[in-house]
Amino acid sequence: MELPPLIERELRVALRKRHAVRTRWIMASLSGLFILVWFLVTYRLGQRRLGESVFTMLLVMGCGVAVSKPLQLGADLFSQERRNNTLSLLFLSGLNAGEIFLSKLLGVALMAFYDLLALLPFFALPFVLGGVQITQFLSAACFLPNLLLFTLAVSMLASILFDDESTASTTAWVIAAGLCLIPMAIYFTGRLFSGPLSVSNTWLLFSPAYGPYLVFKAFKGGSGADFWINSFITFAYSLTALGMAARILSATWRERPNSSFRRNCLCRCRDWIRGTAAWRQALRRRWLNQNPFVWLSARDRRPMLTAWTWVIGFTCTWLVCLLAWPKAWPSVANFLISAAVLNWSLGSVYLYAAAKRIGEDRRSGAMELLLTTPLSVEQIVEGSKAALHYQFRPLFRIVLGINLALLATGFLVRGWTRLALAVYLLCWMIVLSLTFASFLKTTPQAMWISLNCARPGYAARKASGPAWVWIYGGYILFRERPYVSGFPTGSVAELFVTFCVMALIAMAFVAGWEGKTQSRELKEHFRAIAQEPVPDPSDARFKSWDVSKRFPLSRDEWLLRRHVARARGSDS
């Protein structure tokens, strides 16, 4: 049986770039080694307990493969075609949008499923040892491919929406996390503010993470019917994402629309994203003579519109919760958490906007052309900062007003002592300093990382800090719910801890200020970095790269630079 040419092309590319055969061998070898070590460590637990523990470990490994591999492969599936300008060539081969989409989907699905298939023989061990019911075993065999299809569908949708691989990967993670966490957040928030019996368990069925949870817990707290309903809903999510991706691909692969209706819709969408002709003309009159790079950067309104959409959606959701729970929702801890989430999300979009223009110009080669113009490096760097300030200044003022409104409302929801009031004000100083003042420090770092690697999403993710801090903070807040609901209590320990945290933040910004240093290094090395080859997103050097330094050169680049230096020395 011969495969379609496009599927064969995807498999050949994967075998050449991703080392698929070696990855499967490593996966199978590590699985066998882990199980052998686990047998030696837990042999005293008994055969039944041993089977349960091995089954749990295999499920964790299977979930890791089903989530990470499709996101890694699918996020760059169509983004790479757009960057290389080869997407239109596929359509010139006589294939339509459906055939191209289905062929690439099957090719990536085969590559992702091969790694999952390497774990399949080991799932027979816990079933033979005992401790695992046949329904639990069959449910695991069902939800792992279903989870793989879900992550693959979400990553392909993000790949069609964005040209940058890191941006597409981040968007896929955000979509998947939103579908998993929003139903759970509605359920647990309702139980917290309205009582455990007031919210139906039906909300959990809409979370793709609920099915794996039932399998891990051997259907404790649920039933087999709940698992199959959740699996059907997750499958519906996958079909919806794939349908949207196929529709967007067929509508956007060519620049010219097919009908007047589509042409009008496209023009309205472009006016909303890029601004009307009058707005663009006013922008040109204001900035073109002062700094042309400000005009060039400020024309891209997509990050700003994303930030506006998030702020408006977050505010509307917060007000809906206030109307639903008018007595339980207003609390000091809720105000602080809401402000921290709103400010951190806005900061992430701001960092992405800071890295976007430099990263895209670096990847497309436009940065080298800009450096041949009368524009100086100083104008490019400062112009990028000025464009960010011009775009996000109104939104920052509104968000700052929201923060001040939450701060003022906190005085009205409870009684205060002097110590509790001091802790409350220090907490607000921490929230505001970590979110607003940190932009001045991390913005040059995001621009520096994006200049080196030409990946705006990767640069924003690295500059914003590790995500595990926020995840661990959310876990602590959920675990200490009784204490959080009464915060601040006004104890001396609370005052001491908050004062120490505020002092550490102040020392970090005063003594270890890195924003000016990073900005100076950015200007000094800007021209040299722009002339270097753009690293591939799958380059192994990303794993050991210290983002505060320049991207390490490969051996060939190092030898070439050494040869050029020797030639210049001999000429002199």
- For residues that are in a helix (DSSP H, G or I) and crowded, with 16+ Cβ neighbours inside 10 Å, tally how many sit in the stretch 319-344. 13
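If you check GLU521 against the conditions, is it under 14 Å from ILE449 (Cβ atoms), under 30 Å from the mean Cα position of the chain (by Cα), assigned by TED's automatic domain parsing to the domain that holds ARG461 and at pLDDT below 70?
No, not satisfied.
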- Item | Top-ranked residue in the stretch 110-123 [being within 27 Å of the chain's Cα centre (by Cα) and farther than 13 Å from LEU144 by Cα; ranked as surrounded by the most Cβ atoms within 10 Å (Cβ to Cβ)] | MET111
- Taking only the stretch 281-304 into account, find how many residues are buried (at least 16 other Cβ atoms within 10 Å of the Cβ) and of a type outside the set (Val, Ile, Thr). 14
- Item | Failed condition for PRO126, given (1) modelled with pLDDT under 75; (2) under 31 Å from the mean Cα position of the chain (by Cα); (3) surrounded by 20 or more Cβ atoms within 10 Å (Cβ to Cβ) | (2)
- Task: Those residues that are loosely packed, with under 14 Cβ neighbours inside 10 Å and in a helix (DSSP H, G or I), I need them from the stretch 401-417; list them, please.
- Result: GLY401, LEU404, ALA405, ALA408, THR409
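Could you list, in sequence order, the residues of the stretch 129-156 that are crowded, with 18+ Cβ neighbours inside 10 Å and under 19 Å from MET57 (Cβ atoms)?
So in the stretch 129-156, the residues crowded, with 18+ Cβ neighbours inside 10 Å come out as 129, 131-132, 136, 139-140, 143-144, 146-156.
Selection gives LEU129, GLY131, VAL132, GLN136, SER139, ALA140, PHE143, LEU144, LEU147, LEU148.
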- Query: Can GLY383 be described as modelled with pLDDT of 85 or more and surrounded by 20 or more Cβ atoms within 10 Å (Cβ to Cβ)?
  - Reply: yes
- Query: Can you tell me how many residues in the stretch 527-555 are under 12 Å from ASN452 (Cβ atoms), in a helix (DSSP H, G or I) and touching a residue at least 24 places away in the same chain (Cβ under 8 Å)?
  - Reply: 3
- Message: Considering only the stretch 552-559, I want to know if a residue exists there that is modelled with pLDDT of 70 or more and closer than 30 Å to LEU73 by Cβ.
- Response: yes
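The values are calculated or read from the model by the stated rules, or taken from the named source; none is laboratory data. Not measured: the values here are computed from a predicted model. Here the Cβ is made from the backbone with ideal geometry for all residues, glycine too, and neighbour counts use every protein chain on show.
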